[in-house]
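Read the structure below first, then the notes.
The values are calculated or read from the model by the stated rules, or taken from the named source; none is laboratory data. Since this is a predicted model, take the numbers as computed values, not measurements. Reconstructed Cβ throughout: ideal geometry from the backbone, glycine too, with neighbour counts over all protein chains shown. These accessible areas exclude ligands, DNA and RNA; they are computed on the full protein's heavy atoms, side chains included. Shrake-Rupley method; radii C 1.70, N 1.55, O 1.52, S 1.80 Å.
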Amino acid sequence: MHGPVPAAWLLVALCAATGAYCLLRMRSRVEEQRRSAGGEALMGFGMAVMAVPAAAFSPPRWAWPVYAAVFGAAALRALWAARAAPHHLHHLVGTCAMVYMSLAMAAAPPGAHHGHGASGMPLLTSVLLLYFAGYVLLAGARLVPAAAAVAGAGGGPVGWGDRPELARACRLSMGIGMVAMLLAM
């Protein structure tokens, strides 16, 4: 992705830290949380790799179609999971956005910036940007009540993988990262 180099490295750090936390969440005792955390870890690390500034590392041309195929498979998995749990539709939108960005990078000439040019921002980019901006606002609003409810619950010890407010913060940070990546396209 293109943009200011310090901001890109901050995005890499945010996405990598989110992916690492999602790996910790995979140790949850609840199977559905483990499954969701695995997909989110893939998204976090994938976004971190995609956000590395081009000045530091430019992947070979063949890497972008491979990247699109990996996230295409993740999209099919999210589509299958959405049959039983509708919240997986967000995962489907996220993986499809990663496929879209990968294909955009694959189609661009080597060394070209993916600016919007005179024609403006592509429609699909705009729709994805609106979706993720709305998601970030909604997830941020939901985060505060979740933290207050857990703090007042007074139950037994809760493991790292079972903390709903941390899972929501993880999803919020990935949403913020997706907005930043779509803006930089």
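Applying the criterion of being touching a helix residue (DSSP H, G or I) at 6+ places or on another chain (Cβ under 6 Å) and open to solvent by 20 Å² or more (accessible area, probe 1.4 Å) to the residues of the stretch 13-32, the residue that is nearest to A85 (Cα to Cα) is M26. Cβ-Cβ contacts under 6 Å between residues 6 or more apart (or on different chains), taken from a first residue in the stretch 163-185 that is without any contact (Cβ under 8 Å) to a residue 40 or more places away in the chain and of a type in the set (A, V, I, L, M, F, W, C) to a second residue that is surrounded by 19 or more Cβ atoms within 10 Å (Cβ to Cβ) and part of a helix (DSSP H, G or I), are listed as L172/A139. Does the stretch 60-77 contain any residue that is among the hydroxyl-bearing types (S, T, Y), open to solvent by less than 50 Å² (accessible area, probe 1.4 Å), without any contact (Cβ under 8 Å) to a residue 40 or more places away in the chain and not in a loop (DSSP other than H, G, I, E, B)? Within the stretch 60-77, one or more residues are among the hydroxyl-bearing types (S, T, Y), open to solvent by less than 50 Å² (accessible area, probe 1.4 Å), without any contact (Cβ under 8 Å) to a residue 40 or more places away in the chain and not in a loop (DSSP other than H, G, I, E, B). Here G19 clears all of (1) more than 12 Å from the chain's Cα centre (by Cα); (2) farther than 20 Å from M185 by Cβ; (3) part of a helix (DSSP H, G or I) except the condition numbered (1).
Reported count of residues in the stretch 1-35, each being modelled with pLDDT of 80 or more, small (G, A, S) and under 17 Å from H88 (Cβ atoms), is 0. Residue under question is S58, and the condition is that it be over 18 Å from the mean Cα position of the chain (by Cα), within 18 Å of A8 (Cα to Cα) and of a type outside the set (A, V, I, L, M); does it hold? When the stated conditions are applied, S58 passes them.
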